Amino acid sequence: MSNSFTAIDFETAQGKRWSICRVGLVRVEEGRLVNKLNLLVCPPGNIYSGMNTQIHGIGARHTYNSPKFANIWPLIRPYIENETVVSHNGAFDFSCLSQTLGYYKLQLPDYKQQCTYKIFGKGLAACCSDHRIALKHHDALSDAMACAQLYLIHLNRQTG
């Protein structure tokens, strides 16, 4: 297994998975953090549900001047295309990526999916508590950083 991968987390503005409002991305190469991105994104129509805002603290006033996902896609695509991409609860995050790309009529690239929820069998907060990983839950960059650390633990177990 390669120690190079991208950990990603999305926050959404509403129940629609194509409503990404923040991207947290961490790039790890040969087991070392080499880059991280924390990007606010203006979701379609800049429409938020109160429940989602309550969860992550992001609302329309935070993203009205932010770029649309289609405009940041060229920046994040190289971290995803033909890479191993890791998420905690990949069923959600990989669906967000697929649906958002579909919304903007952008092609979904090839990439390998890994899910630390499936690997560890617990929610992100519980995993972080178990492994003493700092977490500001539902902050996209913090979630992606925690996911990267968990995946490194998993990789070390595989090779150790």
Fill in the blank from the handout: Filtering the range 47-70 for residues that are in a loop (DSSP other than H, G, I, E, B) and among the small types (Gly, Ala, Ser) leaves a count of 4
Fill in the blank from the handout: With criteria (1) of a type outside the set (D, E, K, R); (2) within 19 Å of TYR79 (Cβ to Cβ); (3) not in a helix (DSSP H, G or I), ILE133 comes up short on (2)
Exercise for the section: Among residues belonging to the range 127-160 that are within 18 Å of the chain's Cα centre (by Cα) and free of Cβ contacts under 8 Å to residues at least 12 places away in the same chain, point out the one that is farthest from GLU29 (Cα to Cα). Expected result: LYS136
Handout entry: Subset tally (residues that are at pLDDT below 95 and of a type in the set (D, E, K, R)) for the range 131-160
Key = 3
Problem - Candidates ARG61, ARG22, ARG77, filtered to the one that is more than 11 Å from the chain's Cα centre (by Cα) and within 27 Å of LEU150 (Cβ to Cβ) - result: ARG77
Practice task
Go through the residues of the range 13-30 one by one and say whether even a single one is surrounded by 14 or more Cβ atoms within 10 Å (Cβ to Cβ), farther than 25 Å from TYR111 by Cβ and at pLDDT 95 or above.
Solution key: no
Problem - the range 82-141 - residue that is in contact with a Phe, Trp or Tyr (Cβ under 6 Å, 6 or more places away or on another chain) and among the acidic types (Asp, Glu) and, of those, surrounded by the most Cβ atoms within 10 Å (Cβ to Cβ) - result: ASP93
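Can you tell me which residue is surrounded by the most Cβ atoms within 10 Å (Cβ to Cβ) among those in the range 34-50 that are touching a residue at least 24 places away in the same chain (Cβ under 8 Å) and among the aliphatic types (A, V, I, L, M)? It would help to see each step written out before you state the result.
In the first step, residues of the range 34-50 are kept if they are touching a residue at least 24 places away in the same chain (Cβ under 8 Å); the result is 35-44, 46-49.
Checking which are among the aliphatic types (A, V, I, L, M) leaves us with 37, 39-41, 47.
Values: LEU37: 18, LEU39: 18, LEU40: 17, VAL41: 25, ILE47: 11.
Per the stated criteria, the residue is VAL41.
The values are calculated or read from the model by the stated rules, or taken from the named source; none is laboratory data. Model, not experiment: these values are computed from the prediction. With ideal geometry, Cβ positions are generated from the backbone for all residues, glycine too; neighbour counts draw on all protein chains shown.
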